[in-house]
Amino acid sequence: MNIRWGRSEFAQVTVLYFARSAELTGLREEQLVAVPTPISSGDLWALLLRKQPRLVALQGRVVLAVRRQYVAIGNQQLHLQDGDEVAVVPPLSGG
């Protein structure tokens with residue numbers, strides 16, 4: 001259940017880290033318990049950077065996936081719900 005404080009709502013989400021983002025954070029996943037919603041994808045990225053400052057190494061080269069849909073980091077508004085998964089998807093190398 002989303003928590004409502006005044007006019008803002010907050011959601012509990014699971015952040016999944018893959019490849020280089022997992023290496024930088026030392027985690028495969030973590031729970032965020034009070035993510036404001038709605039939130040822009042840029043603000044969500046900024047929140048992740050505050051929690052995991054080493055992710056700055058991926059700045060400008062990473063996308064997020066919310067509910068298995070890729071989301072560019074920018075002004076797109078996300079309406080998160082409790083239990084949503086947010087994946088940090090760094091660039092993949094290979095050929």
Practice item. Could you please let me know if residue 43 is under 10 Å from the mean Cα position of the chain (by Cα), open to solvent by 20 Å² or more (accessible area, probe 1.4 Å) and of a type outside the set (Val, Ile, Thr)? Key: yes
All conditions in (1) out of contact with any Lys or Arg (no Cβ under 6 Å at 6 or more places or on another chain); (2) at pLDDT 95 or above; (3) surrounded by 14 or more Cβ atoms within 10 Å (Cβ to Cβ); (4) outside any loop (DSSP other than H, G, I, E, B) are true of residue 80 except (4)
Scanning segment 83-95 for residues that are of a type outside the set (Ser, Thr, Tyr), assigned to a loop (DSSP other than H, G, I, E, B) and modelled with pLDDT under 95 gives 90, 91, 92, 94, 95
All conditions in (1) open to solvent by 50 Å² or more (accessible area, probe 1.4 Å); (2) in contact with a Pro (Cβ under 8 Å, 6 or more places away or on another chain); (3) in contact (Cβ under 8 Å) with a residue 60 or more places away in the chain; (4) not hydrophobic (A, V, I, L, M, F, W, C) are true of residue 21 except (1)
Within segment 48-65, the residues that are assigned to a helix (DSSP H, G or I) and surrounded by 17 or more Cβ atoms within 10 Å (Cβ to Cβ) are 48, 55, 58
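The values are calculated or read from the model by the stated rules, or taken from the named source; none is laboratory data. It should be emphasised that the depicted structure is a prediction, and the values quoted were computed from it without experimental measurement. Neighbour counts run over all protein chains shown; Cβ positions are idealised from the backbone, glycine included. Side chains included, ligands, DNA and RNA excluded: accessible areas come from the protein's heavy atoms. Shrake-Rupley method; radii C 1.70, N 1.55, O 1.52, S 1.80 Å.
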